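The block underneath contains the structure these notes are about, expressed in C-alpha cells.
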Amino acid sequence: MRSFRLRLILALIAGITVVSVASTYFEVLARKHVLRHELEVRTGWLGTSLQPFVEQNLASGSTPQIAALASELRSHQEALGLVIYDAKGNVVAYDAPAEIVRLLPPGPVKLAVKRGSNSGAFGHMGDQQWLEEAIPLHVNGRPAGALVLLEDAGYIRSEAGIVWRQTFWHIAASVLLIVGVTFLMVRWFLMLPITHLAERLRSLRMGHAADGIDHRTEDLALFTPLAREMKTITESLVKARAAAAAEARLREAGENVWTAERLTVHVRERIGSSKIFVVSNREPYMHVRQGRETVCVVPPSGLVTAVEPVLRACDGVWVALGSGSEDRYAVDENDHLRVPPDDPRYTLRRVWLSAEEEAGYYDGFANEGLWPLCHIAHTRPIFRASDWATYQRVNHKFAEAVLQEMEDTVNPIVFVQDYHFALLPRIIKSARPDARVAIFWHIPWPNPEAFGICPWQAELLEGLLGADLIGFHIPLHCNNFLDTVDHVLESRTDREHMSARRHGHTTTIRPYPVSVDIDPAGTARASAGQTRDDLLREFGTKAEALILGVDRMDYTKGIVERLMAFERLLEEHPYHRERIAMVQIAAPSRTRIPSYIDLRRNVEAMAEQINERFGTPAWRPVVLIQRQCNHEEVTTWYRAADVCLVTSLHDGMNLVAKEYLASREDGDGALILSKFTGAAVELRDALIVNPYDIDGVAETIHRALELPTAERRLRMQRMRRQVMEHNVYRWAATVLGDLRELRIEVLENITTGGRPEPQLVHSKESPHRKWA
C-alpha cells in the first residue's frame with residue numbers, strides 16, 4: 001500500500017508539472033508576442049516622425065547633422081542607435097555599436113526600399129537582443145535609402161524569465177497542496193473504507209457473522225459497484241456459514257430437514273440435463289419507479305421462496321406477467337431478464353397483456369369467477385362469455401411464450417402455478433408430448449355440485465388433465481377434483497393410485513401442503529426491532545397484549561367476522577378493555593372489483609364502530625393498516641403479537657399461520673386458526689375455530705389470552721417443529737421429485753388421428769408415493 005501511495009504521489013507531481021509547464025510555455029509565447037508587437041509599433045512611430053528630417057538632411061548631404069540626431073536619440077531614448085542606408089544598401093551614417101551594425105541583415109532594408117513601407121526584424125548577439133526597424137527614405141520622390149532604428153529588446157527575455165520563475169513557485173505550491181489533499185482523500189475515502197471492509201471480511205472468516213452485514217456499508221458509497229458486490233458476497237458468506245452450521249446441527253441431531261442448499265443439490269441430481277420452466281401470473285422480480293430511480297423489488301410471495309432455489313440450481317426460466325411500471329425498460333429484445341439482479345442465476349421471461357386482457361382474464365374470469373367459485377364463501381361467482389374468451393386467449397399467449405422458451409430443450413419440465421392457467425397444461429402437452437407438466441392449484445377445489453356452476457367446467461377439466469401431475473394442498477381437494485372429473489368427463493379414475501385417465505393420457509393427483517421457510521437451527525436472530533409499545537405508540541394507543549390479523553383485503557379471509565368476534569370479546573369480558581388491542585393489516589387487493597370495494601367499506605365501518613363504542617382518549621381498540629407491508633414490517637408485528645388470528649371462511653392453505661410460527665424464534669405466542677383452512681389439517685396444536693361462530697371465536701380469543709405459559713409454549717414448539725420438518729423446500733422437492741419419477745410412454749391415440757399422446761406409468765419404487 002505504501003508503494004501505491006508513492007506511485008500515486010509521483011504520478012500527481014509529474015502530471016501537475018507537465019500541465020503547468022505546458023500552460024506556462026504558451027503563456028510566455030503570448031507575452032512575448034504582445035511585447036514584440038508593442039515594441040514594433042513604438043519604434044515604427046518614432047522612425048516615421050524622424051523620416052522627414054533625415055530625408056531633408058540626406059538631400060542636402062548634411063550627414064553630420066544626422067549623426068548628431070542619432071547621438072541625441074540615444075541619449076533620450078532607450079535605443080541602441082540609428083543607421084542610414086543609401087538606395088544600394090550601403091551605410092551612409094550610423095551611431096550604433098559597430099559589431100551590431102556589421103551583423104544587421106540586409107533583408108529589412110531592401111524590403112523597405114523596394115516596397116516603400118516599414119520593415120522590421122529581431123536579431124541577437126550573445127545575451128543582447130534588438131529590433132531592427134527599417135523606414136524607407138525618399139529624395140525628390142525617388143527611393144534614396146532607408147532609416148534603420150535599433151531598439152533594445154532584451155527586456156522581453158527578462159519578462160519571460162520572470163514568468164518562468166513565477167510558474168516554478170506556482171508549481172511547487174500546487175504540488176504540495178494537491179499532494180496533501182490527495183493523501184488525505186486517499187486515506188479518508190479509500191484506505192479507511194477498505195480497512196473497514198477487510199475487518200468485516202476478517203470477522204466473517206473468524207465466524208462472527210452477526211456483527212452486521214450492513215455495518216459501515218455507506219463508507220463504500222464512492223465505489224457503489226464494489227459496495228454492492230461486497231454486500232452480496234457478505235450475505236452469501238453469512239448464508240453459507242449459517243447453512244453449514246444448520247446442516248451440522250441437523251446431522252448431529254439425526255434430523256432430516258430440507259434447506260435451500262439441499263433442494264439445490266436434489267434438483268441437480270434428479271433432473272439431470274432437463275430444464276425447468278415455471279409459469280405464474282405473479283413475477284418474482286418487478287421494476288417500479290421510486291422517486292427518480294427505478295428499483296427492482298421482490299413481491300411478497302411464498303412461491304418465490306419455494307421455486308427460486310429450483311431455478312437457480314438448473315438455470316431455468318420463469319415465465320410471468322410483467323406487471324411493474326418499469327418492467328418493459330428492464331428486458332432485452334426477447335423480453336428476457338437475468339435474475340436475481342445481484343447474482344443472476346436464471347432467466348425471467350415477461351409476458352405483456354393489454355389493460356382489456358388483464359381485466360377480462362385476471363379481474364374477470366379468474367377472480368370474479370373461479371376465485372369465489374372455489375372459495376365457497378357465499379359470494380356469487382360471475383361468469384361472462386367475454387371474460388372466458390379473454391381467459392382462453394391469455395392462456396394461449398402464455399403457452400406460446402413457454403413453448404418458444406422450450407424450443408431447444410430436450411425433455412423439459414414445466415411447473416404451472418394456480419388457477420390463472422387451467423388451460424395451459426393441455427396446450428403445452430399437445431405441442432410437446434415429451435415435456436413433463438405439473439400444475440399446482442393453490443386454492444381449494446369445491447365439490448362437484450359447486451363447481452358445476454361454471455359454464456365451462458368441462459373445458460377447464462380438459463385443460464388440467466393435460467398435466468402429468470396435479471397438486472392440491474390437502475387430500476379433500478384431491479378427492480373433490482376426482483369426483484368432479486367423474487361427474488363431468490368420460491374418463492377412468494383410479495382412487496387407489498389417485499389418477500385419472502382420458503384419451504390415453506394418465507394424470508396423477510396428489511396433495512402437497514405448501515409451506516414457508518423456517519430456520520431449522522435457530523441461527524436467525526430476532527431483529528432488534530420495535531417492541532409492542534413502540535409499534536402501538538405510532539397509532540396513538542397502548543396495550544398489555546396484542547392480537548394480530550394479517551391478510552389481503554379479501555372476503556374469503558373473514559375479516560369482518562373477526563372484528564365482530566373481537567367486539568363480542570370486549571362485550572362479554574370487560575376485563576380486557578384498555579388492556580388489549582387488535583391490529584389488522586389488510587393489504588389492498590383487486591381494488592377494481594366491486595365486491596372488494598364493498599368489503600373495504602364494511603371493514604372500515606366495523607373498525608370505526610368498535611373504536612367509537614369502546615375507545616378512550618388513551619386507548620384505541622382496533623388499528624386498521626390498509627397498505628402493503630413488506631416482509632420485515634410484518635415479521636416485526638408477528639414477533640410482537642401475543643395472539644395471531646387466522647379466521648378464513650375458506651382457504652387453500654393460508655401461509656399467514658405458518659409465517660407467524662416461523663417468526664417466533666422465542667417459542668411463544670398463540671395461534672387461532674380457522675377449521676376451513678388447509679393449515680388446520682397440519683397444525684393440530686392451534687386453537688381451531690369455526691369463523692362463522694362469532695361467540696365461539698370470541699371465547700377462543702379469551703382462552704388464548706389466558707392460556708398458561710407452559711401450555712402456550714408447548715403448543716408453539718410442536719407447531720414450529722411441524723412447519724420446520726414440512727417446509728417450503730420439502731414441498732418443492734416432493735412435487736418435482738414425484739413429477740420426475742413418473743415414466744412417460746408414447747401411445748397411439750386413435751381418437752386423435754394417430755397423434756402421439758403421453759401415458760404416465762407409476763413407479764412403485766418412488767419414495768414420495770405415500771401421500772395420505
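Brief remarks on what is shown
- Within-11-Å neighbourhood charge of W371 [Cβ basis; K, R +1; D, E -1]: -3
- Other residues whose C-beta falls under 14 angstrom from the C-beta of A160 contribute a net charge of +2, scoring Lys and Arg +1 and Asp and Glu -1.
- If the chain linking A431 and D127 were pulled fully straight, counting 0.36 nm for each residue of separation and taking away their Cα-Cα distance, it would gain 99.7 nm.
- Residues of the stretch 82-133: accessible area per residue with a 1.4 Å probe, Å²: 54 Å²
- Net charge, P143 excluded, C-beta distance under 13 Å - Lys, Arg +1, Asp, Glu -1: +3
- One quarter of the surface of the convex hull around the alpha-carbon atoms of the stretch 685-741 equals 5.5 nm², the direction-averaged projected area.
- Solvent exposure of the stretch 333-434 as accessible area per residue, Å², 1.4 Å probe: 38 Å²
- When W188, W445, W164 are compared by accessible area at a 1.4 angstrom probe, the order from most to least is W188, W164, W445.
- Label-to-label distance, R187 versus S23, with points set 7 angstrom from Cα along the beta-carbon direction: 2.6 nm.
- Selection of trypsin sites (Lys or Arg not before Pro), the stretch 275-358, meeting DSSP coil and at most 16 other Cβ within 10 Å: R282, R292, R345
- Near the amide H of S491, within less than 5 Å, lie no amide hydrogens of residues on another chain or at least 5 residues away, with H placed in the peptide plane.
- The stretch 478-600 - accessible surface per residue (Å², probe 1.4 Å): 42 Å²
- To put it simply, the accessible area of the stretch 561-706 at a 1.4 Å probe is 46 percent carbon and sulfur.
- Pairwise centroid distance, computed over Cα atoms, of the stretch 299-348 with the stretch 675-745, Å: 30 Å
- Only protein heavy atoms count here; on that basis, with a 1.4 Å probe, M719 has an accessible area of about 10 Å².
- Surface composition of the stretch 423-478: carbon and sulfur make up 64 percent of the accessible area, probe 1.4 Å.
- Computing Rg and the Kirkwood Rh from the Cα coordinates of the stretch 423-579 gives a ratio, Rg/Rh, of 1.17.
- Fraction of accessible area attributable to carbon and sulfur, the stretch 86-146 (%, probe 1.4 Å): 49 percent
- Loop sites in the stretch 15-64: trypsin sites (Lys or Arg not before Pro), DSSP, at most 14 other Cβ within 10 Å: none
- Other-chain or far-sequence residues with amide H under 5 Å of S648's (modelled H): S674
- Rolling a 1.4 Å probe across all protein chains gives R620 an accessible area of roughly 90 Å².
The values are calculated or read from the model by the stated rules, or taken from the named source; none is laboratory data. Since this is a predicted model, take the numbers as computed values, not measurements. Positions of Cβ are backbone-derived with ideal geometry, glycine not excepted, and every protein chain shown enters the neighbour counts. The protein model used for the area step is the full one, side chains on, heavy atoms only, and it has no ligands, DNA or RNA in it. Shrake-Rupley method; radii C 1.70, N 1.55, O 1.52, S 1.80 Å.
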